[in-house]
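Readers should treat all values here as calculations from the given coordinates under stated rules, not as data from a laboratory. All values derive from a computational prediction rather than experimental measurement. Note: ideal-geometry Cβ built from the backbone for every residue, glycine included; neighbour counts use all protein chains shown.
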Amino acid sequence: MPGLRREEVAQLASISTDYYTRVEQGRMRASVPVLEAVARALRLDEDERRYLFDLAQAAGPARHAPRRRRDVEVPPLRPVDARCHDEVVVLRTQRPHRCDRP
């Protein structure tokens with residue numbers, strides 16, 4: 001529809017502007033419900049609607065650059081009481097509590 005900005009089309013279609021932009025630029029493949037919402041927002045006739053769906057189908061899935069794997073060493077998780085060696089005060093009460101050591 002002439003004169004509508006991306007933000008306005010996205011709002012009329014009830015999708016985010018970022019999502020609509022990615023679909024429009026071919027960086028993401030839209031689902032049928034999203035395409036139907038865009039067609040309604042743009043008030044497309046049957047031929048225009050079919051053309052929109054044909055374009056979306058021909059685009060296929062978007063290609064993404066492979067993500068680099070970040071090797072991050074994550075320390076193993078241990079139960080909280082395994083770390084407790086001294087007295088601990090629980091701030092929600094006024095009584096100090098001891099951790100029972102195994």
Given charges at beta-carbon only (K, R positive; D, E negative), |dipole| of the stretch 6-59 in Debye: 200 debye
Fewest to most neighbouring Cβ within 10 Å: what's the order for E7, E36? E7, E36
Please label the shape of the stretch 6-59 as rounded, prolate or oblate, based on the square roots a ≥ b ≥ c of the eigenvalues of the alpha-carbon gyration tensor (a/c under 1.5 means rounded; beyond that, a/b larger than b/c means prolate, else oblate). oblate
Step through the residues of the stretch 15-26 one at a time and calculate ³J(HN,Hα) from phi using the Karplus curve (6.51 cos²θ - 1.76 cosθ + 1.60, θ = phi - 60°), rounding each to whole Hz and writing x for Gly and Pro. 10, 6, 4, 4, 5, 4, 4, 5, 5, 4, 7, x
Between the residues Q25, L52, V38, the Cα farthest towards the positive end of the dipole of the stretch 6-59, that dipole coming from +1 and -1 charges on the beta-carbon of Lys, Arg, Asp and Glu, is from Q25
Computed lengthening from A58 to Q25, 0.36 nm per intervening residue step minus Cα-Cα distance: 10.5 nm
